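The values are calculated or read from the model by the stated rules, or taken from the named source; none is laboratory data. Quantities reported herein were computed from a predicted structural model and do not represent experimental measurements. All Cβ positions, glycine included, derive from the backbone under ideal geometry; neighbour counts span all protein chains shown. The protein model used for the area step is the full one, side chains on, heavy atoms only, and it has no ligands, DNA or RNA in it. Shrake-Rupley method; radii C 1.70, N 1.55, O 1.52, S 1.80 Å.
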Amino acid sequence: MDASAVDPDVIYGVYGEVQSSLDGGKTWSIAGSPPAQVIDIATSPESTDRLYAATGQGVMVSKDGAKTWQATGPNGQATMVQAAEDGTIYAFIVGQGLVAVKNGIDKWEILSTAFGDRFLLHLAADPANYKRLYAVTQKSEIITSSNGGVKWLPLGHSG
């Protein structure tokens with residue numbers, strides 16, 4: 001589930017189908033079908049109709065409010081996808097690491113491969129400093145990056 005940064009009354013969630021609310025969650029309707037093996041969704045910070053989905057095959061994008069989906073970014077199992085308010089879309093691809101694309105342009109870059117056997121489940125960007133990221137791994141570790149996702153340390157570590 002994710003609320004739009006463009007319009008916080010627009011919320012998308014997946015429960016069988018992709019469902020949407022245009023009134024802050026008071027009413028819901030079916031927006032479309034999710035891509036196969038959907039794990040996570042994120043709304044674009046630039047359009048209420050653009051959604052990203054982390055799937056077993058990689059990251060998918062819908063530009064029409066979940067009616068249709070197409071592949072974007074590197075192939076491989078994506079364990080999470082998150083959009084930051086500065087326009088950056090982050091995803092974690094198993095075996096590749098943390099990847100990102102700026103403003104929905106289809107040139108994804110690998111930010112970090114230094115996760116060993118860990119993978120990310122959740123990620124958040126500090127709205128006051130978009131280079132500061134926080135993430136949770138499948139091992140329930142909370143890690144942080146102060147340089148946009150390149151280097152990661154355990155939360156509270158000052159080195």
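General observations
- Residue match in the stretch 12-30 (condition: of a type in the set (D, E), more than 24 Å from T137 (Cα to Cα) and modelled with pLDDT of 95 or more): yes
- Being open to solvent by 20 Å² or more (accessible area, probe 1.4 Å), modelled with pLDDT of 95 or more and under 15 Å from the mean Cα position of the chain (by Cα) is a property that D40 has.
- Taken together, the residues in the stretch 85-103 that are assigned to a strand (DSSP E or B) and in contact (Cβ under 8 Å) with a residue 24 or more places away in the chain amount to 10.
- For the stretch 4-24, a residue qualifies if it is closer than 13 Å to G65 by Cα and in contact (Cβ under 8 Å) with a residue 40 or more places away in the chain, and the qualifying residues are S4, Y12, V18, S20.
Conditions (1) surrounded by fewer than 18 Cβ atoms within 10 Å (Cβ to Cβ); (2) among the aliphatic types (A, V, I, L, M); (3) part of a loop (DSSP other than H, G, I, E, B), marked per residue:
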position	(1), (2), (3)
L111	no, yes, no
A125	no, yes, no
S140	yes, no, yes
G149	no, no, yes
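- Looking across the stretch 23-44, the residues that are in a loop (DSSP other than H, G, I, E, B) and either of a type in the set (A, V, I, L, M, F, W, C) or closer than 24 Å to F119 by Cα (or both) come down to W28, P34, P35, A36, Q37, S44.
- Note on the stretch 79-99: among residues that are buried (at least 17 other Cβ atoms within 10 Å of the Cβ) and not hydrophobic (A, V, I, L, M, F, W, C), the one that is farthest from A36 (Cα to Cα) is T88.
- Checking each residue in the stretch 56-78 for being closer than 15 Å to Y12 by Cβ and buried (at least 17 other Cβ atoms within 10 Å of the Cβ) picks out M60, V61, S62, G65, A66, W69.
- Some residue of the stretch 61-84 being modelled with pLDDT under 95, closer than 23 Å to K139 by Cα, aliphatic (A, V, I, L, M) and in a strand (DSSP E or B): yes
- In the set S47, S20, only one residue is polar (S, T, N, Q) and either open to solvent by 50 Å² or more (accessible area, probe 1.4 Å) or in a loop (DSSP other than H, G, I, E, B) (or both); that residue is S47.
- Any hit, the stretch 113-123, residues being open to solvent by less than 80 Å² (accessible area, probe 1.4 Å), assigned to a loop (DSSP other than H, G, I, E, B), free of Cβ contacts under 8 Å to residues at least 40 places away in the same chain and among the aromatic types (F, W, Y): yes
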